There are 2 protein chains.
Amino acid sequence: MENFTFYSPTKFVFGKDTESQCGKLVKEFGGSKVLIHFGGGSVVKSGLLDRVKKSLDEEKIPYVELGGVQPNPRDVKVYEGIELCKKENIDFILAVGGGSVIDSAKAIALGNEYDGDFWDFYCGKAAPQKATPVATVLTIAAAGSEGSGDSVITKEEGMVKRGAGGECIRPKFSVLNPELTQTLPAYQTACGITDIMAHVFERYFTNTKDVETTDRLCEAVLLAMINEAPKVIANPNDYQARANIMWAGMVAHNNIVGVGRSQDWNSHGIEHELSGLYDCAHGAGLAVIMPAWMKFVMKHDVMRFAQMAVRIWGCKMDFSNPEKTACEGIQAFRNFLNSIGMPSTLAEVGGKAEDIPTLVKNFGLAEGAKTGGFVNLSSEDIAEIYKLAL
Amino acid sequence: MENFTFYSPTKFVFGKDTESQCGKLVKEFGGSKVLIHFGGGSVVKSGLLDRVKKSLDEEKIPYVELGGVQPNPRDVKVYEGIELCKKENIDFILAVGGGSVIDSAKAIALGNEYDGDFWDFYCGKAAPQKATPVATVLTIAAAGSEGSGDSVITKEEGMVKRGAGGECIRPKFSVLNPELTQTLPAYQTACGITDIMAHVFERYFTNTKDVETTDRLCEAVLLAMINEAPKVIANPNDYQARANIMWAGMVAHNNIVGVGRSQDWNSHGIEHELSGLYDCAHGAGLAVIMPAWMKFVMKHDVMRFAQMAVRIWGCKMDFSNPEKTACEGIQAFRNFLNSIGMPSTLAEVGGKAEDIPTLVKNFGLAEGAKTGGFVNLSSEDIAEIYKLAL
């Protein structure tokens, strides 16, 4: 195990009707004028936005609103939000929505305390040090952004998707009401489940030895997802399954299951080019990419894949041929994703073989460079993974 | 799953040599004059105390020292600490030691901000609202006090052991260096492992339905302990196993594996009377009590015990006789505890059959009352559990 720091100071308020506590929570964390940030009309239609506003009204906390965040949130909306915050002297940002809304709110929070272009934090020119406090009312269990210090934004010019991370953008509080996710269609629900599982797998495939405690915690989240996912796909109103998935989504990404070990985020990176270029759902892109990535890197550590197969997918260990067990595990993951309605091929998310050079170019590795992870990948390797996903 | 709030704002700094960061961390959390609180001579002899002091010196942070905390920490030392803090205008308390030292520091932190008797918080007369900031340098993986808002103190008069809890006594930061635990004798190490496992089991045995995510997380911690414990008992210098156990000890007790479900803390309560009266190690007392408690309550939910047997202890499910599987699981726990050198009987921790009425009386249930949990227990039930442990 490697040395690490773990600091997750977000207050999680979980359960039915918890959005009615927003006003009190904003007050507790010192907010005096709030930007409510949200996406499409669903939070309006469902009455959620009204309930959040009522809760702020009850505490006499003034607010302004900015809706219209798209999935794969764009820089254009972020600039709009920063301008609004500066004009209105906003000191607290409340994101009401899923990962896209939360990530957009985090980007605005960074830009609001920065004199330069907020994109500096996403293209690596500056490191996040200071941000307006952010909090969330989560409506989709997926991105884990409600408990993380990460944000991913797409620059419209060139449709490039990039991430920024820092302690200052970890939410002060997150309201997690599983009821709010019950209206989500099955496809989006399954996309969220895939994203949650991917967050765990990116941590699970490590080169660090002797990490039994975090290995077991990773496996725990995955086992729970395998148990709960079919329930919500069969019955969207299954509150209990929704609740288990929602909490798992936070645990999967606040890093409690990933501390002290090297991690691999290449599947996410390789996927980002897909949702960047084709504007497909991130989870659907991951469903296509992750099994292909697994096949490509499996031989690097067959026993780790065999461990996944046995402990997570319940495969029988073939002691005379561990590689067979490893392959069975990857196939079980593929089958599971199909069973919840996720795609298997690049074509299903709008991808084409002839775009592979563009995808690889957008990934942006310099000539001869490799992107670090469980296996370090060259541009040629990335092209190979896209091909395996065809 | 029930509604819950989860808030664990402690900063964990984990790994080799991390105690050298104490000074910087105290500064980060606003401490300007520190009480260093510790136990016996081991932190002095090992040089740990000097390294902590050096780290404070480097940041020019003044401190006073108070050592001499005993296992099962006493009220007498707490009063001494409160007096010292008030005299010296202490605004930060750094506990260097195991759970006893940390719990004593938390009690001092409460008393330092309170006009009445600190025992008010432990006998239920007052609820903790305000405390001097506490931080820890952990030397024993066991109590989980490094990440919890709990403290347990023994009143010398009558040797009564009582707990207090509140967000205000959660440590601001905790330095977790597994190297510091390598000098612990096997017996104390095993006591710590037992305590960690008990913290998980007290959460695992619940009456709340549909808690798959936290069930799996509980099982993850227990599986990791079962894998790592024999390694440290065989080789006290196994850094990696020590590291896995140390992190598991925090995860077991900051409540991330126990949210949204009813819990059972009766084994802890029943044990407290043992370590209160006989001054035995808390972990050793738990090793005696917990399997007895399991036998006593098993019939309340045989399938939950069967789940424990199969998922944690690898027993084969007897579908025609789940009770047999449940019993096998309890026996497997008993065997595991024995294998790491823990006692099985009351006699081994100094207990006597004729003391049972005193133990039950000290537990303090009013006539006809029951203590709540997985199964609500009367004084007669508690006596029965002590008898099962004879």
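What follows is calculated from the coordinates using simple rules that are stated; it is not laboratory data. Quick caveat, the model's predicted, so the values are computed rather than measured. Neighbour counts run over all protein chains shown; Cβ positions are idealised from the backbone, glycine included.
The shape of the stretch A:90-156 can be summarised by an equivalent ellipsoid whose semi-axes, obtained from the alpha carbon gyration tensor, come to 20, 14, 9 Å from longest to shortest.
Summed over qualifying helices (DSSP H, 4 residues or more, each -39500 (n - 2.57)) and divided by its residue number, the protein assembly as shown shows a 222 nm mean residue ellipticity of -14000 deg cm²/dmol. Dividing the mean sequence gap of close Cα pairs (under 8 Å, 6+ apart) by how many residues the stretch B:71-171 holds gives a relative contact order of 33 percent.
Contact order for chain A, expressed relative to its length and based on alpha carbon pairs under 8 Å spaced 6+ residues apart, stands at 15 percent. For the stretch B:182-221 versus the stretch A:210-280, the inter-centroid distance based on Cα atoms is 23 Å.
Per residue of peptide B:321-332, the mean number of Cβ atoms on other chains within 10 Å of the residue Cβ is 0. Quick one: pull the percentage of alpha-carbon pairs in the stretch B:262-368 with a separation above 22 Å. In whole percent, the long-distance tail amounts to 38. Exposure proxy for B:I226, A:I312: other Cβ atoms within 10 Å of each Cβ, ordered fewest to most, give B:I226, A:I312. Computed from Cα atoms alone, the Kirkwood hydrodynamic radius reported for the stretch B:108-225 is 16.4 Å. Of all the C-alpha pairs in the stretch B:1-127, what % are more than 22 Å from each other? Across the stretch B:1-127, Cα pairs with separations above 22 Å total 40 percent. Loop-located trypsin sites (Lys or Arg not before Pro) in the stretch B:1-33 (DSSP state other than H, G, I, E, B) with a sparse environment of at most 15 neighbouring Cβ atoms within 10 Å: B:K16, B:K33. Quick one: of the DSSP bridges fully inside chain A, what percent are antiparallel, nearest 5? That works out to approximately 25 percent antiparallel. Between 0 and 90 degrees, the angle of helix A:186-204 with respect to the longest Cα principal axis of chain A falls at about 70 degrees.
Across the options A:G15, A:V34, A:F4, the greatest Cα extent toward the positive end of the charge dipole of the stretch A:1-63 (unit charges at beta carbon of Lys, Arg, Asp, Glu) belongs to A:V34.
Sorted shortest first, the separations between the B:K33 label point and its copies elsewhere in the assembly read 4.1 nm; each point sits 7 Å from Cα along the Cα-to-Cβ line.
Based on C-alpha pairs under 8 angstrom that are at least 6 apart in sequence, the stretch A:23-130 has a relative contact order of 31 percent. For a distance above 35 Å, tell me the whole-number percent of Cα pairs in chain B that qualify. Counting every Cα pair in chain B, those more than 35 Å apart make up 23 percent. Taking the square roots of five times each eigenvalue of the Cα gyration tensor of the stretch A:59-170, the equivalent ellipsoid has semi-axes of 19, 16, 14 Å, listed largest first. Here the gap between A:N321 and A:T345, fully extended at 0.36 nm per residue and compared with their Cα-Cα distance, gives a gain of 5.8 nm. Working ranking of peptides B:156-163, A:241-248 by packing, defined as the average number of other Cβ atoms within 10 Å per residue, highest first, is A:241-248, B:156-163.
A cut-off of 5 Å between modelled amide H atoms, ignoring neighbours fewer than 5 places along the same chain, links A:V137 with A:A95, A:V96, A:G97, A:V175. What are the label-to-label distances in nm, one decimal and shortest first, from A:D17 to the same spot in the other copies, with labels 7 Å along Cα to Cβ? From this label point to the equivalent ones elsewhere in the assembly: 5.5 nm. What angle, in degrees between 0 and 90 and rounded to the nearest 10, separates the Cα long axis of helix A:48-58 from the longest principal axis of the Cα atoms of chain A? So the helix axis and the longest Cα principal axis differ by about 40 degrees. Residues whose amide H falls under 5 Å from that of B:R74, counting only those 5 or more places apart or on a different chain, are B:T154, with hydrogens built in the peptide plane. Kirkwood hydrodynamic radius computed over the protein assembly as shown comes to 27.4 Å, based on all pairs of distinct alpha carbons. Relative to the longest principal axis of the Cα atoms of chain B, helix B:379-388 runs at roughly 80 degrees. Inter-chain Cβ neighbour count for A:204-217, averaged per residue, equals 6 (cutoff 10 Å, partner chain atoms only).
Between the beta carbons of B:E354 and B:D115, assuming R0 = 60 Å, the FRET efficiency works out to 0.90 to the nearest 0.05.
Distances between copies at B:N3, taken between label points 7 Å from Cα along the C-beta direction, are 4.4 nm in increasing order.
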